[in-house]
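The values are calculated or read from the model by the stated rules, or taken from the named source; none is laboratory data. What you are looking at is a predicted structure, and each value in this text was computed from that prediction instead of being measured. Ideal geometry is used to build each Cβ from the backbone, glycine not excepted, and the neighbour counts take in all protein chains shown. In case anyone asks, the SASA skips ligands and DNA or RNA and just uses the protein heavy atoms, side chains included. Shrake-Rupley method; radii C 1.70, N 1.55, O 1.52, S 1.80 Å.
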Amino acid sequence: MALTDREFALLQTSIDAIMERLAELHLSLSVETDFRGLAEFLGAKNTFVYQCFNPEMWPLKGDCFWFRVTDMHGKTVASHADRIYRTEDFCEMIENCELWYPNGRAALGGQEVKVQRPPIRISGTVGHSGSMWVDPEHRGKGLSYYLPQLSRSICLRNFSTDFHTGFVFKNLYNSKVPASNYGYPHVELCLPEFCAITKKFEQLYLCWITQAESIDRVRDMPHHEGFPIELDGLDGEVGERTVARADNQHIHLTTVFGQRQ
């Protein structure tokens with residue numbers, strides 16, 4: 001669904017506000033589209049490289065990007081990735097495992113995958129997030145809230161995403177992380193038995209949020225229970241900070257991040 005001018009301005013304001021907050025933490029953020037860098041970073045931390053963002057499995061040349069957060073010494077201290085899918089049924093991609101593997105279910109060697117669907121169809125332009133990692137020294141500062149919110153605002157602004165999605169395992173499902181940090185109002189059991197991501201028998205939960213709910217979460221940023229961010233200048237007209245709407249379908253981030261390489 002197309003965004004109104006006021007919603008577009010709201011998203012731009014939220015992007016600017018989060019970037020200012022990161023600067024206050026003496027951190028810098030760059031948007032990268034070469035996922036080899038993400039794989040190298042996570043690999044150096046002995047952290048799993050999620051299939052959707054693994055350049056050895058996918059060309060990753062379309063509408064996808066990841067955040068590299070660096071400290072004042074240039075050390076990478078956090079990451080977060082997002083990929084855009086255009087689909088009539090996101091859960092069908094889960095059921096046939098084409099979300100994770102180019103050859104679908106064949107990658108599982110015949111193992112059955114049972115899927116529990118959410119109450120509504122997730123379709124259209126769907127953002128899918130993952131590869132969230134924060135250095136232990138920088139945890140507790142709000143990065144696990146700021147980065148997903150920033151990524152979602154960019155996806156809404158640039159692609160008019162209809163839904164945003166992610167996955168968590170049971171240990172996070174039982175915590176406040178999916179709702180409070182990642183901002184998902186819906187966290188539901190998706191794979192109740194065999195998990196196609198880990199190829200193990202463990203439960204996987206689907207997190208999802210609609211476009212309207214995402215915009216409401218942006219409006220609620222000043223009231224976040226742990227890391228509120230003020231959103232100034234929303235009562236006036238759309239200002240110069242708003243990028244040209246004609247560029248929405250591209251990752252055109254020059255007003256926030258500098259020229260894309």
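3J(HN,Hα) along region 7-13, derived from phi through the Karplus expression 6.51 cos²θ - 1.76 cosθ + 1.60 where θ = phi - 60°, amounts to 5, 4, 5, 4, 5, 4, 4 Hz, with x in place of Gly and Pro.
Coupling constants for region 165-175 follow from the phi torsions by the Karplus curve (6.51 cos²θ - 1.76 cosθ + 1.60, θ = phi - 60°), and in residue order they are 9, x, 10, 9, 8, 4, 4, 7, 4, 7, 10 Hz; glycine and proline get x. With distances taken between every two different alpha-carbon atoms, region 112-166 has a Kirkwood hydrodynamic radius of 13.3 Å.
Take every Cα pair under 8 Å in the chain that's 6+ residues apart, average their separations, divide by the length, and report that relative contact order as a whole percent.
Values: 425 pairs, mean separation 56.9, N = 261.
Averaging sequence separation for qualifying contacts and normalising by length gives 22 percent for the chain.
With a 1.4 Å probe rolled over the protein heavy atoms of all chains, the accessible area of 201, 53 falls in the order 201, 53, largest first.
Based on DSSP H runs of at least 4 residues, each adding -39500 (n - 2.57), what is the mean residue ellipticity at 222 nm of the chain after dividing by all its residues, to the nearest 500 deg cm²/dmol?
-8000 deg cm²/dmol
Charge tally for residue 17 (other residues, Cβ to Cβ under 10 Å; Lys, Arg +1; Asp, Glu -1): -3. The modelled label-to-label distance between residue 106 and residue 73, using points 7 Å beyond Cα along the C-beta direction, is 4.8 nm.
Note on the chain: with a GNM built from Cα contacts shorter than 10 Å, the maximum mean-square fluctuation among 12, 149, 203 falls on 203. Taking Cβ atoms as reference points and 15 Å as the exclusive limit, the residues near residue 41 contribute a net charge of -2, counting Lys and Arg as +1 and Asp and Glu as -1.
The H on the amide N of residue 186, modeled in the peptide plane, is under 5 Å from the matching H of 208, each at least 5 residues off or on a different chain.
Please give the contour-minus-distance gain from residue 193 to residue 96: 0.36 nm per residue of separation, less the Cα-Cα distance, rounded to one decimal in nm.
Numbers: separation 97, 0.36 × 97 = 34.92 nm, distance 1.54 nm.
In short, 33.4 nm is gained.
Applying D = kT/(6 pi eta Rh) to region 53-150, where Rh is the Kirkwood radius over alpha-carbon pairs, T corresponds to 37 °C and eta to 0.692 mPa s, the Stokes-Einstein value obtained is 209 µm²/s. DSSP beta bridges confined to the chain are antiparallel in about 90 percent of cases.
Here, P(r) means the percent of Cα pairs in each 10 Å bin from 0 to the largest distance; for the chain it is 7, 30, 38, 20, 4, 0. Rounded to the nearest whole Hz, the Karplus-based 3J(HN,Hα) values (6.51 cos²θ - 1.76 cosθ + 1.60, θ = phi - 60°) of region 186-201 follow the sequence 10, 9, 10, 4, 10, 10, x, 10, 8, 9, 5, 6, 8, 6, 9, 7, with x at glycine and proline.
Which trypsin sites (Lys or Arg not before Pro) does region 1-57 hold that lie in a coil by DSSP with at most 14 other beta carbons within 10 Å? Kindly include the intermediate steps, with their values, before the conclusion.
Working: sites: 6, 21, 36, 45; in loops: 45.
Taking region 1-57 and a limit of 14 other Cβ atoms within 10 Å, the loop trypsin sites (Lys or Arg not before Pro) found are 45.
For the pair residue 202 and residue 48, label points projected 7 Å from Cα toward Cβ lie 0.5 nm apart. Between the beta carbons of residue 135 and residue 180, assuming R0 = 30 Å, the FRET efficiency works out to 0.90 to the nearest 0.05.
In a shell of Cβ-Cβ distance under 9 Å around residue 209, excluding residue 209 itself, what net charge do Lys and Arg (+1) and Asp and Glu (-1) give?
Surrounding charge for residue 209 is +1.
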